[in-house]
Number of protein chains: 2
Amino acid sequence: MTFQDKLRGAVDRNNSLLCVGLDTDPSRLPPGLGIFEFNRAIIDATKDIVCAYKPNLAFYEAEGLDGLKALEDTRAHIPDDIPVIGDAKRGDIGNTATYYARALFRMLAFDAVTVNPWLGFDSVEPFIRYSDRGVFLLCRTSNRSARDFQDLKADGQLLYEHVARKALEWNTRGNIGLVVGATYPDELRRIRGLCPTMPLLIPGIGTQGGDVEVVVKNGVDGTGAGILINVSRAVLYASAGSDFAEAARAAALRLRDCINRSRRE
Amino acid sequence: MTFQDKLRGAVDRNNSLLCVGLDTDPSRLPPGLGIFEFNRAIIDATKDIVCAYKPNLAFYEAEGLDGLKALEDTRAHIPDDIPVIGDAKRGDIGNTATYYARALFRMLAFDAVTVNPWLGFDSVEPFIRYSDRGVFLLCRTSNRSARDFQDLKADGQLLYEHVARKALEWNTRGNIGLVVGATYPDELRRIRGLCPTMPLLIPGIGTQGGDVEVVVKNGVDGTGAGILINVSRAVLYASAGSDFAEAARAAALRLRDCINRSRRE
């Protein structure tokens, strides 16, 4: 089953465009709980209301081999019918990118990954060659310094628009999507205009301050879907106590329903 | 000791600007040898003739937890007075970049890392904050598709020139360097012109086809140094047989001496 099919299945079944980011920071866990135990509880509490999970590899790598073992266990615990996006933001020359693709798609069995486009086509191609997996290119990121390079104008177009156009050109297998920060709703609207049917992975809601309603309005495709709104900290750390899983479920439900209300407006 | 001091020490002691890339591919090892055993033999055979080692994380990640254990063992085997550059090409928003910096500088204890600048200053800052470590930004990479984005012209400057200028602006701690492919000698010359004293990490000699003499001429700073010429496959796989370590030493010696001859010309 392709990433797109699996995503569509989860979106429909759980009536959700909410992706939960598993950016698990050991220093923020309830006492006595390991990374995997925490993630397992979060997954068990939210798996019927999300369209995807997105672990960011940085948080696991920061814990060394133990962290990577926790990532493997986490990935294995996620039900087969929910897609898992490995947020790795890798990017390297072709020969090397082949090894990153192997690490992410084979060893870690992610259904999709995020990829940094700065090195151009031959750095992206080893990922999109896995035609049953998804590849989200970093187009306009959610951080303040995104503008340092992504907003430069070349040949009459902003850099992030160049990335969006290249993504269209490279999308011969239909498995490319874009990462666009919720914190930049105008840029989101322009990107959706350039790429009417491409899936958009949208971080930046919650702690980073993006507005759900505006994001949905500016981001959805012609069918009222085509976006994955990622929330990490506002779900994971909804409570610092032993009720963290129920609090995460309540926060995720509120977000899912808020997104769905915005879709209907 | 800072990365710069350690690098200068190794350059002087070994009279070398050669960095050996530990891009170890299990499918290319002599029969019966593991990744770490192979790397150990390569290090033992070359540690008196290199200025640095540069493992690329992709090759280790592609082997899962075993690969990462081999990377840790390899890092630990490199003598303390030779700097180790973790070629990870990470790049993420500030909060996340902090965790990548921790993974690379604390868990893996690299003296320097490569970082992708696409997300701008706040994605780079968590790395340069480690003032005793080095940070090489991907400026003009060695691959063919580098031109897809890095050669676009904005405000009268090519994108890679924007990166070089930002690197100068961000270099308040004096620990930033640039990655510039040997396969683009004209770009290398322009970048050296913009950044007269910044260390340049130069891959692309050997298998990728860059020319040592031109690279040295266009890359060195005013003191005839300031470059690290990285070679991976042409050293690691100089022989496919049981004499691989001696062959690697011979290849590394030839390269080191070829670089030094070019410096004197």
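The values are calculated or read from the model by the stated rules, or taken from the named source; none is laboratory data. A quick note: this is a predicted structure, and the numbers were derived from the prediction, not measured. Quick reminder, even Gly has a Cβ in these numbers, built from the backbone with ideal geometry, and neighbours come from all protein chains shown.
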If we scan segment A:108-115, do we find a residue that is at the interface with chain B (Cβ under 7 Å from one of its Cβ atoms) and farther than 29 Å from A:Asp44 by Cβ?
no
Taking interchain pairs and intrachain pairs at least six residues apart, which have beta carbon atoms under 7 angstrom, with the first residue in segment A:237-255 and closer than 16 Å to A:Gly204 by Cα and touching a residue at least 40 places away in the same chain (Cβ under 8 Å) and the second among the hydroxyl-bearing types (Ser, Thr, Tyr) and not in a helix (DSSP H, G or I)?
none
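Can you tell which of A:Ile229, A:Ile205 is in contact with a Leu (Cβ under 6 Å, 6 or more places away or on another chain) and in contact (Cβ under 8 Å) with a residue 40 or more places away in the chain?
The match here is A:Ile229.
In contact (Cβ under 8 Å) with a residue 40 or more places away in the chain, farther than 27 Å from B:Trp170 by Cβ, in a loop (DSSP other than H, G, I, E, B) and not charged (D, E, K, R): which single residue out of A:Ser131, A:Ser142 fits that description?
So the residue among A:Ser131, A:Ser142 that is in contact (Cβ under 8 Å) with a residue 40 or more places away in the chain, farther than 27 Å from B:Trp170 by Cβ, in a loop (DSSP other than H, G, I, E, B) and not charged (D, E, K, R) is A:Ser131.
Among the residues of segment B:116-134, write down those that are in contact with a Ser or Thr (Cβ under 7 Å, 6 or more places away or on another chain) and closer than 16 Å to A:Phe149 by Cβ. Talk me through it step by step, then tell me what you get.
Of segment B:116-134, the ones in contact with a Ser or Thr (Cβ under 7 Å, 6 or more places away or on another chain) are B:119-123, B:126, B:132.
Scanning segment B:116-134 gives B:Leu119, B:Gly120, B:Phe121, B:Asp122, B:Ser123.
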Given (1) on the phi < 0 side of the Ramachandran plot; (2) of a type in the set (A, V, I, L, M, F, W, C); (3) free of Cβ contacts under 8 Å to residues at least 60 places away in the same chain, where does B:Phe136 come up short, assuming only one miss?
(3)
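Let's see how each residue does on (1) within 11 Å of chain B (Cβ to nearest Cβ); (2) over 27 Å from B:Ala88 (Cβ atoms); (3) charged (D, E, K, R):
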residue: A:Pro30; (1), (2), (3): no, yes, no
residue: A:Cys51; (1), (2), (3): no, yes, no
residue: A:Ile85; (1), (2), (3): no, no, no
residue: A:Thr98; (1), (2), (3): yes, no, no
Got a number for residues in segment A:148-175 being assigned to a helix (DSSP H, G or I) and either buried (at least 21 other Cβ atoms within 10 Å of the Cβ) or more than 7 Å from chain B (Cβ to nearest Cβ) (or both)?
14
Quick check: is even one residue across segment A:204-215 in a loop (DSSP other than H, G, I, E, B), buried (at least 24 other Cβ atoms within 10 Å of the Cβ), in contact with a strand residue (DSSP E or B) (Cβ under 9 Å, 6 or more places away or on another chain) and at pLDDT below 95?
yes
